[in-house]
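Data first, discussion second: the structure below is written as structure tokens.
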Amino acid sequence: MIRIQRLTKYFGNFLALDNVSFEAQPGEILALIGPNGSGKSTIMRCIAGLMTPTRGEVIVNGLPAAGKTREWLSYLPQKVSFPESLTGQELVSFYARLRKLPPGMTERAMEISRLNGFAQRPVHEYSAGMLQRLGIAIAVMPDAPIVVMDEPTAGLDADGVCRLRDLLSQMRARRQTVVVSSHALAEVEALADRIAILVKGRLIACEPLHQLRGWLAKRAAMRVRLREPKREACEAVLQAGAISAELIGTDLIVVAGAEKRLEILHALEREGAHIEQFSTEEPTLESLYLGYTREDSHNQSGVAASDRL
Ligand code: ADP
Ligand code: MG
């Protein structure tokens, strides 16, 4: 298992990770989601023992992430890079020797990578998707108890994502502990048992998908087209219980729970607004990030992220 406790990482004066705590259990696929620069890769490097935390602990199967724990772990970096002149087959054999794996393991890795005619070609001839498949195959080959994959879906086509999902199911069945990252919820929601959301180095949620969906539903956006948009409209909807309101051109974008919609429309009418059109929008992870950042600026009391959900 992986246990991260109050992990904090500074790069110079820059706070990249702020008191992050979560756990991943054997047989669990945990997805780490967040916009670019939110600290996903930094967490993964700390788990892989390639980076030391400024403060806090990263425990892998009972030991601090460092030399020994690396033997139990497979790590797929965000950017896979291999010696250009080696072939796919040579690389798979090289990593198998490095991990002292029995010969049969390389065959499965070759099958997973689906390099077909390219197995004997040097990797500089590979497309981004082929390199990613090779990287994934090499990462899953040792059947390590802990598997950390940084943006494994990057560069994969729909078939590749589907096969990755199968691999993850097999890992779950083998009780491996798996952490994958992505900048988009849609990429990994079907793959993961739990989703951890990171914004600006802070963990804002770590929940099973269905709970996260519930939270998202409360933050659905609606778009209200106004004939004569006025700033006061924003104030009125916020007073009526909206989480956020923003005027973009003639459209008022309101994030609010479904049960608040009617009240919000009434408030707009009372304000003298003329509503020309009204539509609701599927809540997205982006609206969640946005909602969070806004709520956060209203709420600096330091309440734990999970208390807000
Ligand atoms: P993500 O993987 O979520 O895109 P990263 O973990 O790569 O985010 O980066 C988080 C933040 O830390 C970014 O602002 C990035 O610029 C910064 N950062 C990451 N690694 C380093 C480093 N080695 N030196 C300085 N800053 C870094
Ligand atoms: Mg990254």
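A few notes on this one:
Matching residues to (1) at pLDDT 90 or above; (2) part of a helix (DSSP H, G or I); (3) in contact with a strand residue (DSSP E or B) (Cβ under 7 Å, 6 or more places away or on another chain):
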{"site": "236", "(1), (2), (3)": "yes, yes, no"}
{"site": "262", "(1), (2), (3)": "yes, yes, no"}
{"site": "272", "(1), (2), (3)": "yes, no, no"}
{"site": "279", "(1), (2), (3)": "yes, no, yes"}
{"site": "283", "(1), (2), (3)": "no, no, yes"}
{"site": "289", "(1), (2), (3)": "no, yes, yes"}
{"site": "294", "(1), (2), (3)": "no, yes, yes"}
{"site": "297", "(1), (2), (3)": "no, yes, no"}
{"site": "301", "(1), (2), (3)": "no, no, no"}
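- Scanning region 217-230 for residues that are more than 16 Å from ligand 1 (Cβ to nearest atom), surrounded by fewer than 16 Cβ atoms within 10 Å (Cβ to Cβ), assigned to a helix (DSSP H, G or I) and modelled with pLDDT of 90 or more turns up nothing.
Each row is one residue, and each column tells you yes or no for (1) surrounded by fewer than 16 Cβ atoms within 10 Å (Cβ to Cβ); (2) of a type in the set (S, T, N, Q); (3) over 25 Å from residue 135 (Cβ atoms).
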residue	(1), (2), (3)
10	yes, no, yes
17	no, no, no
31	no, no, no
58	no, no, no
67	yes, no, no
71	yes, no, no
87	no, yes, no
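- Failed item in (1) in a helix (DSSP H, G or I); (2) of a type outside the set (Gly, Ala, Ser); (3) within 24 Å of residue 145 (Cα to Cα), with residue 90 passing the rest: (3)
- Considering residues of region 43-55 that are touching a residue at least 60 places away in the same chain (Cβ under 8 Å) and not in a loop (DSSP other than H, G, I, E, B) only, the residue nearest to ligand 2 (Cβ to nearest atom): 44
- Check on residue 178, within 30 Å of residue 53 (Cα to Cα), away from ligand 1 (no atom under 16 Å from the Cβ) and either under 15 Å from the mean Cα position of the chain (by Cα) or surrounded by fewer than 23 Cβ atoms within 10 Å (Cβ to Cβ) (or both): yes
- Tally of residues being out of contact with any Cys (no Cβ under 9 Å at 6 or more places or on another chain), part of a strand (DSSP E or B) and free of Cβ contacts under 8 Å to residues at least 24 places away in the same chain across region 6-32: 2
The values are calculated or read from the model by the stated rules, or taken from the named source; none is laboratory data. It should be emphasised that the depicted structure is a prediction, and the values quoted were computed from it without experimental measurement. A quick note on method: Cβ atoms are made from the backbone with ideal geometry, for glycine too, and the neighbour counts reach across all protein chains shown.
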